[in-house]
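Taking it in order: structure first as structure tokens, then the write-up.
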Amino acid sequence: GYSVTVSGTASGVWADSVEYLITGNLTIPLNTTLTIQPGTKVRFMGHYDMYVNGQLNAVGSSTNRIIITGDSTNTWNFIDLNNDNSVLDYCTIEFGFRGITTTKSPTITNCMFRKMGRSVILSNAGSPLIQNNEVYYFNDVGITLVGSNGTVSCNHIHHGNYYGAIYSTAIEQS
């Protein structure tokens, strides 16, 4: 494989034969889709953000996860999911400051979040589905839902410095 540097805007398909190096803030524009194939590695090269105004489909598998990483703890900022139809499934997300933020209703399932700075998943509105994830080695809160009517179930949250989860609105929890 080889690597490609990315910043500005992105859409289309990111293949597993390439390592994507994010070298500046990145936006997935409205009415576009970025599909990340199983086994693809995405590496933030600094304290950058990814704004998903279109749709992000990052769907790996149990044997071929998508890796979203930095070089060490807190090297990148967050992925902001501003689309109800975005999906993160079987992704390993690590070494970020905040992780995932949203005010919409994305699906976040079967992911592993580790070695993160602040809230790993933060929802201020919408109805995200947050299910079957593992969240560990984080410095603040694992999952935070404030003003959100999300579904949070079967997540394994451990080895955090403060709270595993904070819910300040009605949620469906199983």
Give the share of C-alpha pairs in each 10 angstrom bin for the range 78-138, from 0 to the last occupied bin, in whole percents, shortest bins first.
26, 60, 15
The simple spin-label model distance between residue 9 and residue 63, using points 7 Å out along Cα→Cβ, in nm, is 3.9
Would you mind telling me the antiparallel percentage of the DSSP bridges in the range 29-141, rounded to 5?
5
Can you give the FRET efficiency for residue 166 and residue 84, using 1/(1 + (r/R0)^6), R0 = 25 Å, r = Cβ-Cβ distance, to the nearest 0.05?
0.65
Of the heavy-atom accessible surface of the range 85-134 (probe 1.4 angstrom), what whole percent is carbon and sulfur?
41
Using the Cα centre as the reference, give the magnitude of the dipole from point charges on the C-beta atoms of the range 28-129 (Lys, Arg: +1; Asp, Glu: -1; all else neutral), rounded to the nearest 20 debye.
220
With label points set 7 Å from each Cα along the Cα-to-Cβ direction at residue 71 and residue 146, the distance between them in nm comes to 3.2
What distance in nm separates the two pseudo spin-label positions at residue 18 and residue 92, each 7 Å out from Cα along the beta-carbon direction?
2.2
Placed amide H near residue 36: partners under 5 Å, 5+ positions off or other chain
14, 57, 58, 59
The chain - accessible surface per residue (Å², probe 1.4 Å)
42
Using a simple charge model, +1 on the beta-carbon of Lys and Arg, -1 on the beta-carbon of Asp and Glu, nothing else, what dipole does the chain show about its Cα centre, in debye to the nearest 20?
140
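The values are calculated or read from the model by the stated rules, or taken from the named source; none is laboratory data. Bear in mind that the values here come from a model prediction, so they are computed numbers and not experimental data. Every residue, glycine as well, gets a Cβ built from its backbone with ideal geometry; the counts of neighbours run over all protein chains shown. Surface accessibility is based on the protein's heavy atoms, side chains included, excluding ligands, DNA and RNA. Shrake-Rupley method; radii C 1.70, N 1.55, O 1.52, S 1.80 Å.
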